[in-house]
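Report on the following structure.
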Amino acid sequence: MAVKLAPSILAADFTRLEAHAREALDAGADWLQVDVMDGHFVPNISFGTAAVDALQRLRRERGVVVDVHLMVERPERYLGAFARAGADVLTVHVEATAHVHRAVQEIKGLGVRAGVALNPATPISAVEEVLPDLDLVLVMSVNPGFGGQAFIPRSTDKVRRLRKAMDEAGSGAHLQVDGGVSPSNAPDLVRAGADVLVAGSAVFEGDVRANVEAFRRVLDEKT
Ligand code: DX5
(Lines give C-alpha, C1' and ligand atoms only; values in the text may rest on other atoms or scores of the structure.)
Protein backbone atom coordinates (compact mmCIF):
# COMPACT_ATOMS: atom_id res chain seq x y z
CA MET A 1 0.00 0.00 0.00
CA ALA A 2 1.46 3.37 -0.99
CA VAL A 3 2.36 5.39 2.07
CA LYS A 4 0.59 8.72 2.38
CA LEU A 5 1.96 11.91 3.90
CA ALA A 6 -0.62 14.05 5.71
CA PRO A 7 0.77 17.46 6.73
CA SER A 8 -0.89 18.81 9.87
CA ILE A 9 -2.00 22.40 9.23
CA LEU A 10 -1.60 23.18 12.94
CA ALA A 11 2.03 23.97 12.05
CA ALA A 12 1.15 25.99 8.92
CA ASP A 13 1.35 29.77 8.58
CA PHE A 14 -2.19 30.91 9.33
CA THR A 15 -1.67 34.23 7.60
CA ARG A 16 -1.51 32.22 4.36
CA LEU A 17 -2.99 28.84 5.20
CA GLU A 18 -4.28 27.84 1.76
CA ALA A 19 -1.04 28.88 0.02
CA HIS A 20 1.09 27.03 2.57
CA ALA A 21 -1.03 23.90 2.28
CA ARG A 22 -0.85 24.17 -1.52
CA GLU A 23 2.96 24.27 -1.32
CA ALA A 24 2.93 20.98 0.58
CA LEU A 25 0.56 19.36 -1.94
CA ASP A 26 2.59 20.67 -4.89
CA ALA A 27 5.69 19.09 -3.35
CA GLY A 28 4.01 15.67 -3.05
CA ALA A 29 1.91 15.55 0.12
CA ASP A 30 -1.23 13.44 -0.13
CA TRP A 31 -3.73 14.45 2.58
CA LEU A 32 -4.18 17.49 4.84
CA GLN A 33 -4.81 16.97 8.52
CA VAL A 34 -6.86 19.43 10.58
CA ASP A 35 -6.12 19.19 14.30
CA VAL A 36 -9.23 20.32 16.21
CA MET A 37 -8.52 20.98 19.90
CA ASP A 38 -11.05 22.10 22.53
CA GLY A 39 -8.87 23.02 25.52
CA HIS A 40 -10.56 20.26 27.56
CA PHE A 41 -9.58 16.91 26.05
CA VAL A 42 -6.18 18.50 25.35
CA PRO A 43 -4.70 21.60 27.05
CA ASN A 44 -4.60 23.62 23.83
CA ILE A 45 -7.33 25.29 21.76
CA SER A 46 -6.80 25.32 18.00
CA PHE A 47 -9.69 25.82 15.55
CA GLY A 48 -13.09 24.54 14.48
CA THR A 49 -14.93 24.08 11.20
CA ALA A 50 -13.53 27.36 9.84
CA ALA A 51 -10.21 25.60 9.23
CA VAL A 52 -11.98 22.86 7.26
CA ASP A 53 -13.88 25.52 5.31
CA ALA A 54 -10.57 27.21 4.46
CA LEU A 55 -9.37 24.03 2.70
CA GLN A 56 -12.45 23.43 0.57
CA ARG A 57 -11.17 25.21 -2.55
CA LEU A 58 -8.06 23.00 -2.47
CA ARG A 59 -10.24 19.97 -1.83
CA ARG A 60 -12.45 20.74 -4.86
CA GLU A 61 -9.47 21.64 -7.03
CA ARG A 62 -7.11 18.82 -6.06
CA GLY A 63 -9.35 16.14 -4.57
CA VAL A 64 -7.13 16.26 -1.47
CA VAL A 65 -8.38 14.23 1.51
CA VAL A 66 -9.26 16.57 4.38
CA ASP A 67 -8.60 14.47 7.48
CA VAL A 68 -10.09 15.93 10.67
CA HIS A 69 -8.61 14.79 13.99
CA LEU A 70 -11.04 15.67 16.77
CA MET A 71 -9.13 16.13 20.02
CA VAL A 72 -12.32 17.16 21.78
CA GLU A 73 -14.47 15.86 24.64
CA ARG A 74 -17.69 14.14 23.49
CA PRO A 75 -16.88 14.56 19.78
CA GLU A 76 -20.33 13.22 18.81
CA ARG A 77 -21.57 16.77 19.37
CA TYR A 78 -19.62 18.04 16.34
CA LEU A 79 -19.65 15.23 13.78
CA GLY A 80 -22.45 16.68 11.64
CA ALA A 81 -20.89 20.15 11.57
CA PHE A 82 -17.49 18.84 10.41
CA ALA A 83 -19.09 16.53 7.87
CA ARG A 84 -21.04 19.47 6.44
CA ALA A 85 -17.88 21.63 6.45
CA GLY A 86 -16.22 19.09 4.14
CA ALA A 87 -14.29 16.53 6.20
CA ASP A 88 -13.42 13.34 4.31
CA VAL A 89 -12.19 11.54 7.42
CA LEU A 90 -13.35 12.15 10.98
CA THR A 91 -11.23 10.66 13.77
CA VAL A 92 -12.43 10.59 17.37
CA HIS A 93 -10.38 9.68 20.42
CA VAL A 94 -11.37 6.45 22.12
CA GLU A 95 -10.68 8.26 25.43
CA ALA A 96 -13.01 11.18 24.62
CA THR A 97 -16.41 9.47 24.60
CA ALA A 98 -18.15 6.59 26.35
CA HIS A 99 -19.90 5.84 23.04
CA VAL A 100 -17.16 5.13 20.50
CA HIS A 101 -19.23 2.56 18.60
CA ARG A 102 -22.11 5.02 18.26
CA ALA A 103 -19.78 7.81 17.14
CA VAL A 104 -18.25 5.58 14.47
CA GLN A 105 -21.69 4.55 13.23
CA GLU A 106 -22.75 8.21 13.09
CA ILE A 107 -19.63 9.22 11.13
CA LYS A 108 -20.27 6.49 8.58
CA GLY A 109 -23.94 7.47 8.46
CA LEU A 110 -22.77 10.95 7.45
CA GLY A 111 -20.94 9.42 4.49
CA VAL A 112 -17.52 10.20 5.99
CA ARG A 113 -14.65 7.79 6.65
CA ALA A 114 -14.37 6.88 10.35
CA GLY A 115 -11.17 6.89 12.40
CA VAL A 116 -10.39 6.18 16.03
CA ALA A 117 -7.29 7.58 17.77
CA LEU A 118 -5.31 6.08 20.65
CA ASN A 119 -3.28 8.21 23.06
CA PRO A 120 0.17 6.88 24.00
CA ALA A 121 -1.05 5.20 27.21
CA THR A 122 -4.13 3.62 25.61
CA PRO A 123 -3.70 -0.06 24.66
CA ILE A 124 -4.55 -1.21 21.16
CA SER A 125 -7.14 -3.56 22.68
CA ALA A 126 -9.31 -0.44 23.11
CA VAL A 127 -10.21 -0.53 19.39
CA GLU A 128 -10.72 -4.30 19.07
CA GLU A 129 -14.51 -4.23 19.17
CA VAL A 130 -14.88 -1.44 16.57
CA LEU A 131 -11.98 -2.40 14.32
CA PRO A 132 -14.22 -4.07 11.68
CA ASP A 133 -16.10 -0.77 11.26
CA LEU A 134 -13.06 1.50 10.98
CA ASP A 135 -11.49 3.16 7.96
CA LEU A 136 -8.52 4.41 10.00
CA VAL A 137 -6.77 3.85 13.30
CA LEU A 138 -4.52 6.64 14.57
CA VAL A 139 -1.61 5.91 16.90
CA MET A 140 -0.55 9.08 18.71
CA SER A 141 3.24 9.15 19.05
CA VAL A 142 3.11 12.24 21.28
CA ASN A 143 0.66 13.29 23.96
CA PRO A 144 -1.85 15.30 21.93
CA GLY A 145 -2.22 19.06 22.16
CA PHE A 146 0.84 20.62 20.56
CA GLY A 147 3.04 20.36 17.52
CA GLY A 148 6.82 20.19 17.70
CA GLN A 149 7.00 17.56 20.47
CA ALA A 150 9.47 14.69 20.63
CA PHE A 151 8.43 11.35 19.13
CA ILE A 152 7.75 8.68 21.79
CA PRO A 153 10.07 5.84 20.71
CA ARG A 154 7.98 2.93 21.89
CA SER A 155 5.24 4.07 19.47
CA THR A 156 6.96 2.07 16.73
CA ASP A 157 6.42 -1.18 18.60
CA LYS A 158 2.79 -0.19 19.23
CA VAL A 159 2.37 0.32 15.47
CA ARG A 160 3.85 -3.14 14.86
CA ARG A 161 1.46 -4.76 17.34
CA LEU A 162 -1.51 -2.86 15.94
CA ARG A 163 -0.64 -3.82 12.36
CA LYS A 164 -0.51 -7.48 13.46
CA ALA A 165 -3.92 -7.17 15.13
CA MET A 166 -5.40 -5.40 12.09
CA ASP A 167 -4.05 -8.04 9.70
CA GLU A 168 -5.39 -10.85 11.91
CA ALA A 169 -8.80 -9.13 11.94
CA GLY A 170 -8.68 -8.71 8.14
CA SER A 171 -9.00 -4.95 8.55
CA GLY A 172 -8.41 -2.80 5.48
CA ALA A 173 -8.25 0.36 7.60
CA HIS A 174 -5.40 2.85 7.32
CA LEU A 175 -2.87 2.80 10.15
CA GLN A 176 -1.93 6.43 10.80
CA VAL A 177 0.81 7.79 13.08
CA ASP A 178 0.87 11.35 14.37
CA GLY A 179 3.31 13.29 16.52
CA GLY A 180 7.02 13.95 16.12
CA VAL A 181 7.09 12.15 12.77
CA SER A 182 10.09 13.00 10.56
CA PRO A 183 12.06 11.56 7.63
CA SER A 184 14.39 9.92 10.16
CA ASN A 185 11.74 7.87 11.99
CA ALA A 186 9.39 7.42 9.00
CA PRO A 187 11.14 4.34 7.55
CA ASP A 188 10.83 2.39 10.83
CA LEU A 189 7.16 3.40 11.12
CA VAL A 190 6.44 2.22 7.58
CA ARG A 191 8.30 -1.05 8.15
CA ALA A 192 6.23 -1.49 11.35
CA GLY A 193 3.03 -1.15 9.31
CA ALA A 194 1.97 2.51 9.19
CA ASP A 195 0.57 3.68 5.85
CA VAL A 196 -0.43 7.29 6.65
CA LEU A 197 2.07 9.59 8.38
CA VAL A 198 1.01 12.92 9.87
CA ALA A 199 3.69 15.59 10.16
CA GLY A 200 3.37 19.22 11.23
CA SER A 201 6.68 20.86 12.07
CA ALA A 202 8.69 18.48 9.88
CA VAL A 203 6.71 19.74 6.87
CA PHE A 204 5.79 23.36 7.56
CA GLU A 205 8.84 24.62 9.46
CA GLY A 206 11.43 25.88 6.97
CA ASP A 207 11.44 24.94 3.29
CA VAL A 208 8.19 23.06 2.65
CA ARG A 209 9.24 21.68 -0.73
CA ALA A 210 12.54 20.36 0.62
CA ASN A 211 10.78 18.93 3.71
CA VAL A 212 8.15 17.07 1.70
CA GLU A 213 10.77 15.82 -0.78
CA ALA A 214 12.79 14.47 2.16
CA PHE A 215 9.74 12.47 3.26
CA ARG A 216 8.99 11.30 -0.28
CA ARG A 217 12.55 10.04 -0.69
CA VAL A 218 12.27 7.74 2.33
CA LEU A 219 8.60 6.81 1.83
CA ASP A 220 8.78 5.97 -1.85
CA GLU A 221 11.89 3.86 -1.52
CA LYS A 222 10.27 1.91 1.32
CA THR A 223 7.03 1.05 -0.48
C1 DX5 B 1 -0.63 16.92 18.24
C2 DX5 B 1 -1.27 16.91 16.88
C3 DX5 B 1 -0.27 16.56 15.81
C4 DX5 B 1 0.77 17.62 15.66
C5 DX5 B 1 1.85 17.09 14.81
O6 DX5 B 1 -1.61 17.00 19.20
O7 DX5 B 1 -2.30 15.95 16.84
O8 DX5 B 1 -0.93 16.39 14.55
O9 DX5 B 1 0.18 18.75 15.07
O10 DX5 B 1 2.86 18.03 14.83
P11 DX5 B 1 4.37 17.54 14.81
O12 DX5 B 1 4.50 16.74 13.54
O13 DX5 B 1 5.17 18.82 14.78
O14 DX5 B 1 4.58 16.72 16.04
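Ordering T49, T97 by how much accessible area each has at a 1.4 Å probe, largest first, what is the list?
Details: T49 50, T97 15 Å².
Result, largest first: T49, T97.
At a 10 angstrom cut-off on C-beta neighbours, averaged per residue, how do the peptides 84-90, 197-203 rank from highest to lowest? Intermediate results must be reported in sequence, preceding the final value.
On the way: 84-90: 21.1, 197-203: 25.9.
The densest-packed peptide leads the list: 197-203, 84-90.
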The percentage of the accessible area of the chain (probe 1.4 Å, all protein chains present) made up of carbon and sulfur atoms, to the nearest whole number, is 49
hull vol. (C-alpha, convex hull) per residue for segment 4-221, Å³ -> 108
With the label point 7 Å along the Cα-to-beta-carbon line of Q105 and a cut-off under 18 Å to each amide N, the hits in segment 54-78 are 75-78
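For the chain, how many pairs of lysine residues have a Cα-Cα distance under 20 Å, where the two are 8 or more positions apart or belong to different chains?
Values: K4/K158; K4/K164; K4/K222; K158/K222; K164/K222.
So the count works out to 5.
Which whole-number percent is the relative contact order of the chain (Cα, under 8 Å, 6+ apart)?
Numbers: 456 pairs, mean separation 49.3, N = 223.
With pairs under 8 Å counted, the relative contact order is 22 percent.
Express the accessible area of the chain per residue in Å², computed with a 1.4 Å probe while the remaining protein chains stay in the model.
I get 42 Å² per residue for the chain.
Can you sort E23, E205, E18 by 1.4 Å-probe accessible area, starting with the largest? Each step should come with its number before you reach the end.
Working: E23 70, E205 120, E18 40 Å².
Correct descending sequence by accessible area is E205, E23, E18.
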Contour minus Cα-Cα span, S184 to A81, at 0.36 nm per residue, comes to 33.4 nm
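The values are calculated or read from the model by the stated rules, or taken from the named source; none is laboratory data. Quantities reported herein were computed from a predicted structural model and do not represent experimental measurements. For neighbour counting, all protein chains shown are included, and Cβ atoms are generated from backbone atoms with ideal geometry for every residue, glycine included. When the accessible area is computed, the model is the full protein with side chains, heavy atoms only, and any ligands, DNA or RNA have been set aside. Shrake-Rupley method; radii C 1.70, N 1.55, O 1.52, S 1.80 Å.
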